[in-house]
C-alpha cells in the first residue's frame, strides 16, 4: 500500500467516525433535554422545600463522581440497571413489552445463588461460570414462560411478564424464608462459596466484575441486533410482523427467542448482583432494578450503547443521592423524584406512542 | 319528482390520487338510486362526503334546494341523511332497542334510561317499515342480516329520509338479500330515498330506479330503470383505458409449474372464502385472475403462500406437493410474491433499502454465515446491484424505504422478489396506486420474467391489466373460479359479466 492510499483510508475512517458521532449526538438531543429538564424541575422542588438546589446538586455530583469510592458506587448501581435495560430493549425491538425484567433478574440471582452455595469444592474457573450459567438459565426460563403463553394461547406479554415478576418475588421469598434460610433473623441464604464469587474491582467499593459483564452484554446485544440474522429477524418482526411473516420469518419463533434472550440478559444481571455484590441471596435484594431498566432503555434511545450512558446516569443519581442525603439532609426521596421526572420527560410519551401504535390499550378493553 | 339531494362538481383527492373527480350526483324523493362501480371507483368516498365523514376539496351539496355545509355526521343526520356502513357500528353487548336509541335515549326521571319507552318506540318503528326485530335481544346474538336491519332502524329512528346503504349485500346470504330488498321496497313506499352502493350488477339491476356508474373517480353514465342493459353497464364499469398490446407468447410451455386442486379455506369471518378452487399455471405463462375484490382473492393468495390454513385441497410445485410447507420452505423452493399492500406486508418501512432487499433471504448464504452472522458486505453488494438493475431512485442504500415514493417502494419489492430466481410468482395488484410510468415498468418486468420461464399468477381487480398481460384468464367470483378463458378467445365484456356474476359458465 502506498502512503497516499493509507492517508486516504485513514481519512475515510475518520470521516465515517465523525458522521457517526454527529448522528449519535443529534439522536440524543431529546434525551439530553429531558435530563436537563428533569434536573431544572427538581431544582424547583428542592428550592420550594427549603434546600439549596446548587448545594444539593453539587454534593450529589461530588458524591457520584468526586472520588474513586463514589465512581465505584455509581458503577455498582448502574450495573444491574444496565442488564435490565438491555433485556427490555431487546424484547422491545421485537415489538414486545417485557415488563418482567424484575422477575427475570430475581430468578437469575436465585439460580446463581443455589449453584453458588451448593456445589462446594469446585475450582473457580468451573464454579463461577456454572453459577453465571445458572443465572442465564433462570432468567431464560422466566422469559420463556410468558413467551410460550403468548405464542400458544395469545396471552398478552404485558400482563404475563408483569405477573411473572411477582411470582418470582414470592417464590424466591418462600425459599429463603423456609427451606434455604440461613440461621438468624434475616431472610437470606448462607453465603456462596468463594469459588463462585465474582471478583471485586475496586477496594472498599462493591464494584465487581459484573460491571464488565454488563458492558460486554451491551456490546453483545448491539452486535446481535445489528450484525446477525437473528437480530435482523427480531427487528423485522418488531417493525412489521406482517411483512416478516410474508417473508417466511416465523414471528412466533422470533418472539419466543427474543423473550428468552431478554430474560437471559436480565438473569445474568441478577447473578451478577448475587455473585458480585451480596454474595448470598437476600429476600427482596432488588429495589426495582427491573423497572429502572425500562426507563434507562428508553432514555438510552433504545440503543444498547446509549443505555450504558443512561444506566450510569441513573447509577449516579442513586449513589450521589446518598451522599447528598448525608451531607445536606435532603431526603432520599428526591432521588425518586428526579428519576420519575426523567422518566416522565422521556419515557412516558414514548410508551404511549408505542402502545398506541400497537393497537391501543386493547388488552385493557378501554378502546372499544 | 324533484331532486332532494344534489351534489355538484364533487372533487376529492387523497395524497395525490383523485378519488372523486368532478362528480355530479342527485337523489330524488322516494327513489332507489344505485351507485355502481368497481372497488376503488370512488363510490364510498362520494357517499362519505355526503354523510360528512370527509370534506370535499371542491363542489357543493344541496339538500332540498338549499346549499348545505355538511361538516360531520351529526349535521348529516340533522338534514335527514342516514348511512349504514359496510361494517356495522353497533354496540354488541347492548340490546336492539338500546342500540337504536343510543345517543337520543328516552329518559325517565332524568339520566335514567326509559327501557320500556325505548322498546315501545322500536317496536312501533319496526312495524311501520316492516323491519322485524325483537327490541330486547342482545345484538351480538343476532345474525348479520338482522344486525343490518337494526342499523337501518337506527337511521330511521333519527328521522332519516335519505338512506345510504354501503355494499349492504356483501355480508348477507342470498335469503337475507331477498329480505333486504323487500325492506328497501317498503322504505320506498313510505317515501324514503335510498342510495344503494354495490358492485354487483344483478342486484343493482333488480332494485334500482336509476343507476349511476362510477369508474376511477368519474361518472361514466347514469341509466334509468327502463333503459337498463347489463352488458352496457358492465362496459361502463370496467371499460378499458390502457391500450392492450396484443400478446404473442412464443415461450408458452406445456409443463405445469403450479397446480392447485380443490382449494377450500375459511375467511376471516369463518365463512367459506374459497370454495374448491382448481387451476394450473404453466411454465412461461401468466394466468390472470380477474375478479372484483373480496371474492376470495386474498384467501387464495394466503393459502398459496402458506399464511392461511387450507381446509381441503392440494398445492403442487413442479409435481411435488407443498400443501403443508411453511412460508419459509415455499420461498426457498422458488415462490415469490408481490403482495397487494406493499407497505403493510411487502416492506419493513423503517428498514433501509438494502435491508429490505434481503428480506426473506437473510438466513441463506451468502447473506448468512456461520454463527448466524449477517454478511453486511454481501448485503451491500446485492443492494448496489439491484438499485442499478431496477433503477431504484433512492438517495442511498441506507435510506429507509419509508422515505421513498410509492413507485420506488414497489421497485424495491419487485427487485427483491424477481432477483431470487423464482419459479412461481404471485403478483397481487402489482400496479395499484402507481403512476403510469411505474405501472408500465412493473408490467414489462412481469412479461420479462414470464419469458424467462416463470409461472406467474396475476391477481388484479383491474380488468384492463389482466387482459393486457395474461395468456389465460380465470375469473373468480364468490370464492369459485367460474370460468377460464384463453386470452385470444375472450373479451372484456365476457369477463366483465363473469366477474359481476351476471353470466355463468
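The values are calculated or read from the model by the stated rules, or taken from the named source; none is laboratory data. The shown structure was predicted, so the numbers you read here are calculated from the model rather than taken from an experiment. Ideal geometry is used to build each Cβ from the backbone, glycine not excepted, and the neighbour counts take in all protein chains shown.
Taking the criterion of being more than 14 Å from chain B (Cβ to nearest Cβ), surrounded by fewer than 24 Cβ atoms within 10 Å (Cβ to Cβ) and either in contact with a helix residue (DSSP H, G or I) (Cβ under 6 Å, 6 or more places away or on another chain) or in contact (Cβ under 8 Å) with a residue 24 or more places away in the chain (or both), would at least one residue in the range A:219-229 satisfy it? Looking for residues that are more than 14 Å from chain B (Cβ to nearest Cβ), surrounded by fewer than 24 Cβ atoms within 10 Å (Cβ to Cβ) and either in contact with a helix residue (DSSP H, G or I) (Cβ under 6 Å, 6 or more places away or on another chain) or in contact (Cβ under 8 Å) with a residue 24 or more places away in the chain (or both), one finds at least one in the range A:219-229, hence yes. Among the listed residues A:54, A:46, which satisfies the condition of being surrounded by fewer than 24 Cβ atoms within 10 Å (Cβ to Cβ), over 21 Å from residue A:221 (Cβ atoms) and either under 22 Å from the mean Cα position of the chain (by Cα) or in contact (Cβ under 8 Å) with a residue 40 or more places away in the chain (or both)? Just one listed residue meets the conditions, A:46.
When B:408, B:394 are screened for being crowded, with 16+ Cβ neighbours inside 10 Å, at pLDDT below 90, away from every other protein chain (no Cβ under 11 Å) and over 28 Å from the mean Cα position of the chain (by Cα), only B:394 passes.
Only one entry in B:73, B:56 is in contact (Cβ under 8 Å) with a residue 12 or more places away in the chain and either surrounded by fewer than 15 Cβ atoms within 10 Å (Cβ to Cβ) or touching a helix residue (DSSP H, G or I) at 6+ places or on another chain (Cβ under 7 Å) (or both), namely B:56. Name the single residue that is surrounded by the most Cβ atoms within 10 Å (Cβ to Cβ) among those in the range B:269-307 being modelled with pLDDT of 90 or more and farther than 28 Å from residue B:467 by Cβ. Looking at residues that are modelled with pLDDT of 90 or more and farther than 28 Å from residue B:467 by Cβ, I get B:306. When the criteria are applied in full, residue A:115 meets the requirement of being under 23 Å from residue A:210 (Cα atoms), surrounded by 19 or more Cβ atoms within 10 Å (Cβ to Cβ), out of contact with any strand residue (DSSP E or B) (no Cβ under 7 Å at 6 or more places or on another chain) and touching a residue at least 60 places away in the same chain (Cβ under 8 Å).
For residue B:135, only one of the following conditions fails: (1) surrounded by fewer than 22 Cβ atoms within 10 Å (Cβ to Cβ); (2) touching a helix residue (DSSP H, G or I) at 6+ places or on another chain (Cβ under 8 Å); (3) over 29 Å from residue B:19 (Cβ atoms). What is its number? Going through the list (1) surrounded by fewer than 22 Cβ atoms within 10 Å (Cβ to Cβ); (2) touching a helix residue (DSSP H, G or I) at 6+ places or on another chain (Cβ under 8 Å); (3) over 29 Å from residue B:19 (Cβ atoms), residue B:135 breaks only (1). For residue B:493, the conditions (1) in contact with a strand residue (DSSP E or B) (Cβ under 9 Å, 6 or more places away or on another chain); (2) under 26 Å from residue B:167 (Cβ atoms); (3) surrounded by fewer than 23 Cβ atoms within 10 Å (Cβ to Cβ) are fulfilled apart from (1).
Only one of the numbered conditions (1) within 30 Å of residue B:402 (Cβ to Cβ); (2) surrounded by 14 or more Cβ atoms within 10 Å (Cβ to Cβ); (3) more than 11 Å from chain A (Cβ to nearest Cβ) is not met by residue B:389, and that is (2).
Across the range A:236-292, the number of residues qualifying as more than 28 Å from residue A:182 (Cα to Cα), modelled with pLDDT under 95, more than 14 Å from chain B (Cβ to nearest Cβ) and buried (at least 23 other Cβ atoms within 10 Å of the Cβ) comes to 1.
Looking only at residues of the range B:329-344 that are surrounded by 21 or more Cβ atoms within 10 Å (Cβ to Cβ) and over 12 Å from residue A:248 (Cβ atoms), we find that the one that is nearest to the chain's Cα centre (by Cα) is B:340.
Only one of the listed residues (B:466, B:414) is in contact with a strand residue (DSSP E or B) (Cβ under 8 Å, 6 or more places away or on another chain), crowded, with 24+ Cβ neighbours inside 10 Å and in the same structural domain as residue B:356 (by TED's automatic domain parsing). That residue is B:414.
Look through the range B:363-386, keep the residues that are in contact with a helix residue (DSSP H, G or I) (Cβ under 6 Å, 6 or more places away or on another chain) and facing chain A (nearest Cβ under 9 Å), and return whichever of them is surrounded by the fewest Cβ atoms within 10 Å (Cβ to Cβ). Checking each candidate, the answer is B:372. Residue A:286 passes every criterion in (1) over 30 Å from residue B:341 (Cβ atoms); (2) part of a helix (DSSP H, G or I) apart from (2).
When you look at residue A:205, is it more than 10 Å from chain B (Cβ to nearest Cβ), touching a residue at least 24 places away in the same chain (Cβ under 8 Å), under 30 Å from residue A:73 (Cβ atoms) and not in a helix (DSSP H, G or I), yes or no? Judged against the criteria, residue A:205 is a match. Residue count for the range B:345-362 satisfying the condition of being buried (at least 23 other Cβ atoms within 10 Å of the Cβ), part of a loop (DSSP other than H, G, I, E, B) and more than 7 Å from every other protein chain (Cβ to nearest Cβ): 1.
Against the conditions (1) part of a helix (DSSP H, G or I); (2) more than 14 Å from chain B (Cβ to nearest Cβ); (3) farther than 30 Å from residue A:127 by Cβ, residue A:301 satisfies every one except (1). Summed over the range B:317-344, the residues that are farther than 22 Å from residue B:449 by Cβ and more than 14 Å from chain A (Cβ to nearest Cβ) give a count of 3. Somewhere in the range B:307-316, is a residue touching a helix residue (DSSP H, G or I) at 6+ places or on another chain (Cβ under 6 Å), touching a residue at least 24 places away in the same chain (Cβ under 8 Å) and within 14 Å of another protein chain (Cβ to nearest Cβ)? Checked the range B:307-316: at least one residue is touching a helix residue (DSSP H, G or I) at 6+ places or on another chain (Cβ under 6 Å), touching a residue at least 24 places away in the same chain (Cβ under 8 Å) and within 14 Å of another protein chain (Cβ to nearest Cβ).
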